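Read the structure below first, then the notes.
Each reported figure results from applying straightforward, stated rules to the coordinates on display, with no laboratory input. Given the structure is predicted, the values throughout are model-derived calculations rather than measurements. Positions of Cβ are generated from backbone atoms using ideal geometry, with glycine treated the same way; all protein chains shown enter the neighbour counts.
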Amino acid sequence: MSQRGRRRPQPLKKCFKAKEKNLKFYAECEPCLLKAARWIVDSSTDDNRLRTMLRKRFEKEVPTLLRKNIYLGVPRHVRDIVRKTTGVQDPFKAYKRRYNKTALRLVPILKKWIEKSNDRLLVACRLAIAGNVIDFVANSDFNLIRTVRECAGGEFGIFDYPEFKKKLQVSTSILYVGDNAGEIVFDKLLIEELLKDNKKVTYVVRGGPVLNDATMEDARAVGLTQLTEVITTGAALPGALLSESSPKFVERFKKADLVISKGQGNFEALSDEPGPIYFLLKAKCVPVSRELGVKQGAMIIKKQRLSKRRKDDGLKVCMLRRPSKFDEKIYKGRLHEVRKI
C-alpha cells in the first residue's frame, strides 16, 4: 500500500478524455476541492491511518490535477481511489437520503405557495433555486428552511426571467440538467409546472455517485422517474461536462429547444457552451459570484448569450483582488505565490 501511494497514480492519465478548457480555475478552488477530498475520505472509512495516508496523497494530487486544467474531474478521481481502497461505492448515500426525505416533507407547504401565487412559474423557479443551497462542499452550514423563505421573496442578482418565459412559450422539448440530491425535490416542483403547459421535459442526473450530486437512485427515491423521463450524463462528474458525457446526453443537449442548467457545477461546465441555455442557481462561493458579477448568495436566472463556444487560452486565477490572467506555463511556476496571497 505504501509503495502504491508513492508512485505516480495512473488515474491522472486515464480518467479524462480532454482538459476542461471551458472551466476557469480560481485560487479559492484549491482549498475547496481539498475539503471535498477530505470529506470523501472521512465519510468512507473510520481507519485513522488510512485516512491520513489518503489525505496526504490527495494533498499532492489535487494541485497536480488543477495545473493540468482539470477541475470537475477532481472529485471523480478522489472517489475512484477511495473506492478501490475502502470498497465504499457512495460515501454520501446516507446524507443524500436524509436531504431527499427532508425536502419531500416540505412539498405540501411549497405547493401551497405556488398555488396561491399570481405567477406560478416564477415561484417554482424561486423554489428550485432555493433548493440549490443543499451542497455539502460549497456550503456545508446551510439552513434549508431559512433559505427557502429568503428565496421566496428575495431579490435576484441576475433576472433574465422575462426572456426565460418567452423562450418557454416557443419551446416543446426541455432538457433539465439537475444538480444535487435533495435539490431535485425542488426541481420536481418546477417540472410539474412545465408539464402543465404540455412541455416534454427530460431530467438529467449524474452518471454515477460523486459528492452529493443526484443519481438515478435519487430520482427514483423522490418520484421523478414516475413524473417524467430521466437520463444520466453518462459521467460521474459534479457538472455536465460535454467532453466527458455520453453520446446520448450530448445529442439530447444539442437537440433540446431549451436547456435548464441547475446549480454551480453545471454552470461551471456549461458557461462557455453556446445554446438555448438558462442557468438557475445560487452563487454560493466567491469565484462563481465574481464570475457572474453578483453578491455571494445571490439568486440567478441567467440567459446564455454565447453564439459560439468561447476559447480559453489559459487558466484564469482570481485572488481576493482584481482577477489576473496567467497562461498554464506561467501558472505552474507561480502556484506557490498564489497560495501565499
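Per the Debye formula on identical point scatterers at the alpha carbon atoms of segment 93-303, with no solvent, log10 I(q)/I(0) at q = 0.15, 0.16, 0.17 Å⁻¹ is -0.88, -1.03, -1.19. On a 23 Å Cα-Cα criterion, which of the cross-link pairs LYS112/LYS255; LYS112/LYS188; LYS255/LYS282; LYS96/LYS282; LYS188/LYS284; LYS167/LYS199 come out too long? Violating the 23 Å Cα-Cα cut-off are LYS112/LYS255; LYS255/LYS282. Pairs with C-alpha atoms separated by more than 28 Å, drawn from the list LYS196/LYS302; LYS35/LYS84; LYS84/LYS302, are LYS84/LYS302. Counting only the Cα atoms, segment 179-286 fills a convex hull of 100 Å³ per residue.
At most 10 other Cβ atoms within 10 Å and a DSSP loop assignment: could you name the trypsin sites (Lys or Arg not before Pro) in segment 148-245 that fit? Please list the in-between numbers first.
Values: sites: ARG149, LYS165, LYS166, LYS167, LYS188, LYS196, LYS199, LYS200, ARG206, ARG220; in loops: LYS199, ARG206.
Those that pass, being in a loop and sparsely packed, number zero.
Given the peptides 241-254, 42-55, arrange them by the average over their residues of other C-beta atoms within 10 Å, most packed first. Spell out each step's value before the answer.
Details: 241-254: 17.0, 42-55: 14.9.
Result, highest mean first: 241-254, 42-55.
Here the residues GLU61, GLU183, ranked from fewest to most Cβ neighbours within 10 Å of their Cβ, fall in the order GLU61, GLU183.
Stretched out fully, how many nm does the piece from LYS101 to GLU217 gain, at 0.36 nm a residue minus the Cα gap? Numbers along the way, then the final one.
On the way: separation 116, 0.36 × 116 = 41.76 nm, distance 1.33 nm.
Extra length from LYS101 to GLU217 when fully extended: 40.4 nm.
Under the Kirkwood approximation for Rh and a Cα-based Rg, what ratio Rg/Rh is obtained for segment 37-93? Before the final figure, lay out each step's value.
Working: Rg = 11.0 Å, Rh = 11.4 Å.
Rg/Rh for segment 37-93 comes to 0.96.
Under 5 Å from the amide H of VAL210 lies no amide H of any residue 5 or more positions distant or on a separate chain, with H modelled from the backbone and absent for Pro and chain starts. When the scattering of segment 44-194 is computed by the Debye formula from its Cα atoms alone, each counted once and equally, what is log10 I(q)/I(0) at q = 0.09 Å⁻¹? Taking Cα atoms of segment 44-194 as identical point scatterers yields -0.42. Inter-label distance, GLU155 to THR52: 5.1 nm, where each label sits 7 Å from its Cα along the C-beta direction.
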